[in-house]
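Data first, discussion second: the structure below is written as structure tokens.
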């Protein structure tokens, strides 16, 4: 296993040394909202404005959503750092409950409309049967249809009552997902090529997570990124450097668009991109490294291969500006 060095290096040396420690993360799963009635609602995505994607009450028809991100080794025990949104849920139960209440209310409104429509059909059929009775005509077809309408009415009424019994606030949100990783410069053709991991620590506030290989062992030859005791961006050497050069160079290794972009004839290959820091705050840094979905969780390093940030977000409507999470939050999570 290879640990980071404090010595500077060329761009090619940085890429060659660090790439083996950067992994492609695959997250496959769906969500379950277990209701107070014992029933469950399943869905794959949620948006406060758009509602639920692939929502169903039938577990057999659940659609599994697949997403990708990037991570990197930080210990010889198979521990990998990424973003929380890459490996876990960022949904708030209270938001889901609020939207679900609106959806259920809409269902009940539909029930009332259908029930009213069936009542009207029932009344028309009764009048038609009565007319045929007085005219001594056969009304067996109408009678059969009337029974069907009454059955449907009762089904609608029962559905309305069952929705009424649901207490959305007394529910449990469960994330059903499987996390796996694939290594740089390996062939990835199916799910068996991903090595299973478990989520061991999360920091939703700062969008950080640590996952771990199930065998708790980092494979030989994989680069291990050392989490610095002192943030390189606040060290004296960096302050001196930044005073002379505001746009300090940084490098990011990532899997943009997951396997879609990284797949080559020689296996999956991470992308190595260079940029410069354009803004620093207490919580994050901004840099002009281009990135696409799938780059979340990528390591951002300086010329000395020191970790300076974890990539987590692009800026909408801009060309190539991204945010990275500062080291102090990763240190706090590791010691949590």
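Taken together, the values in this text are just the output of simple stated rules run on the coordinates, not laboratory data. Values in this document were obtained by computation on a predicted structure and should not be read as measured data. Because the Cβ atoms are built from the backbone with ideal geometry, glycine has one as well, and the counts that use them run over all protein chains shown.
Extension gain, residue 65-residue 282: 0.36 nm per intervening residue step, less the Cα-Cα distance, totals 74.7 nm. So what is the diffusion coefficient of segment 94-164 in µm² per second by Stokes-Einstein at 10 °C and 1.306 mPa s, using a Kirkwood Rh over Cα pairs? In µm²/s, the coefficient rounds to 114. Compared with the dominant Cα axis of the chain, that is its longest principal axis, helix 140-164 is turned about 40°. Scoring 74-87, 32-45, 106-119 by mean Cβ neighbours within 10 Å over their residues and listing the highest first yields 74-87, 32-45, 106-119.
One chain, two ends: residue 36 and residue 158. Fully extended at 0.36 nm per residue, the span grows by 42.2 nm beyond their Cα-Cα distance. Here the spin labels are modelled as points 7 Å beyond Cα on the Cα-Cβ line, and at residue 185 and residue 332 they lie 3.7 nm apart. Taking other Cβ atoms within 10 Å as a rough exposure proxy, 11, 266 sort from fewest to most as 266, 11.
In terms of Cα atoms, the Rg and Dmax of segment 183-237 work out to 15.6, 48 Å. Once the Kirkwood radius over Cα pairs is known for segment 26-120, the Stokes-Einstein relation at 4 °C and 1.567 mPa s delivers a diffusion coefficient of 81 µm²/s. In segment 145-299, inverting the average of 1/r over every pair of distinct C-alpha atoms gives 20.8 Å as the Kirkwood radius.
As an equivalent ellipsoid, the chain spans semi-axes of 57, 20, 17 angstrom, where each value is the square root of five times an eigenvalue of the C-alpha gyration tensor, largest first.
Separation of segment 211-232 and segment 33-74, taken as the distance between their Cα centroids, equals 31 angstrom. Summarising the strand pairing of the chain, around 95 percent of its internal DSSP beta bridges are antiparallel.
Using a simple spin-label model with pseudo-atoms 7 Å out from Cα toward Cβ, residue 216 and residue 109 lie 5.4 nm apart.
Taking the Cβ-Cβ separation of residue 141 and residue 167 as r and a Förster radius of 51 Å, what is the calculated FRET efficiency to the nearest 0.05?
Values: r = 44 Å, r/R0 = 0.86.
The computed FRET efficiency comes out at 0.70.
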